[in-house]
Amino acid sequence: MEIIEKINIMQELSERWRSDGHTIACVPTMGFLHEGHIELLRVGRRRGDRLIMTLFVNPTQFGPHEDYTGYPRDTEGDLSKARSVGVDVVFMPTAEGMYPDGYQTTIAVGEITQYLCGRSRPGHFAGVTTVVAKLFHITKPHLAIFGEKDYQQLVVIRQMVRDLNMGIEIIGVPTVREEDGLAMSSRNTYLGPEERLSALSLKRGLDLAQAMVKEGEKDSSTISGEVRKLILSHPFTNIDYISISDPETLIDVETIDKPSLLALAVKVGKARLIDNVILR
Ligand code: AMP
């Protein structure tokens, strides 16, 4: 496995792979890898014959009061996990390399970045799309793999790729969970033992909603009201949003008469957790 920090070296290697006819798969990550990331890498390993993992904690997608400096990091552990899945290259640029003095360009997707997490994290998705566009220009992949856990991120990236004719296939991978249902996340490390129990309220809320829909409930506000009650019955929880929306446009739906996205963002202690399910 090769470790590349320099942007031009990565670009030259990807260019060479492309002209030699290889299919390049790219898995962007911020590191502190868990089984969710590993699953993305496995899909990438199957779908591409050259697999690049990017490892970069992108400062521009964090708000001024968010956890950029405290974001968990474990480069050595990440490299050994990447090696064990058969990653060909880990591309890990520096922040100065990605955003040198005088940097001035942003890529911002429109309406769908305004809903859900976009409401409470202004500028977050512009940070994400800008860094992902840069990573795509550097690693030149044919396909890129993202998790459905960050559902809005996945649809925002699909929109960007379509709008900017990037010609990259975007593959979504179902959320990988702990045995008790908690969606894996690098931020789960922030949870103390009691908060860890309360964090289960997200998946319980999703399951409750799915069960209500199966029993015939169609009214979004009835369902989100019950999910809210359930989550707030757990200590340390602070709901950012509970949203039921169209899975493609992310526009709120009042009546569930086709598959709809239930997305949650809940602060449990200092960890802001997200999770989602398609209600059908
Ligand atoms: P991150 O390092 O948190 O930026 O995540 C990198 C990629 O891993 C993103 O595409 C995430 O959606 C994906 N990911 C994170 N957690 C999970 C999970 N539990 N299951 C599947 N994919 C995940």
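For the reader, a short list of remarks on this structure follows.
- Local charge for E215 was computed over the other residues whose Cβ lies under 14 Å away, with Lys and Arg +1 and Asp and Glu -1, and equals -1.
- Normalised contact order of the chain, rounded percent, pairs of Cα under 8 Å and 6 or more residues apart: 18
- Normalised contact order of the range 125-194, rounded percent, pairs of Cα under 8 Å and 6 or more residues apart: 31
- Computed over all pairs of different Cα atoms, the Kirkwood value for the hydrodynamic radius of the range 1-109 is 15.0 Å.
- Exposure proxy ranking, count of Cβ atoms within 10 Å, fewest first, for D74, D88: D74, D88
- By the Cα gyration tensor, the range 52-142 has an equivalent ellipsoid whose semi-axes, rounded to whole angstrom, run 25, 16, 14 from largest to smallest.
- Filter on K203/K270; K81/K267; K81/K203; K203/K229; K134/K270; K149/K203 - keep pairs with C-alpha separation over 23 Å: K81/K267; K81/K203; K134/K270
- Principal axis box of the range 169-280, alpha-carbon based, largest edge first, Å: 39, 39, 23
- Sorted ascending by nearby beta carbons within 10 Å, beginning with the fewest, D163, D67 become D163, D67.
- All Cα pairs of the range 78-199, percent lying beyond 26 Å: 33
- Residues whose placed amide H lies under 5 Å from that of T54, excluding near-sequence neighbours: V27, T29, F91
- Placing pseudo-labels 7 Å out from each Cα toward the beta carbon at T75 and K214 gives an inter-label distance of 4.7 nm.
- Separation of the E35 and A95 label points, Cα + 7 Å toward Cβ, nm: 3.3
- For the chain, the fraction of C-alpha pairs farther apart than 23 angstrom is 55 percent.
- Taking a straight Cα-Cα cut-off under 18 Å and skipping sequence neighbours fewer than 8 places away in the same chain, the lysines within cross-link reach of K258 are K214, K218.
- Across I38, I244, I145, mean-square fluctuation computed from a Gaussian network of the chain (C-alpha pairs under 10 Å connected) peaks at I38.
- Residues C26, C117 arranged by fewest to most Cβ contacts within 10 Å: C117, C26
- Efficiency of FRET between L164 and N238 - r from beta-carbon atoms, R0 35 angstrom, step 0.05: 0.45
- Placing a label point 7 Å from the Cα of E66 along the Cα-to-Cβ direction, the residues of the range 122-160 whose backbone N falls under 14 Å of that point are 122-132, 150-154.
Bear in mind these aren't lab numbers, they're just calculated from the coordinates by the rules spelled out. Every value quoted in this text rests on a predicted model; they were computed, and no experiment measured them. Neighbour counts run over all protein chains shown; Cβ positions are idealised from the backbone, glycine included.
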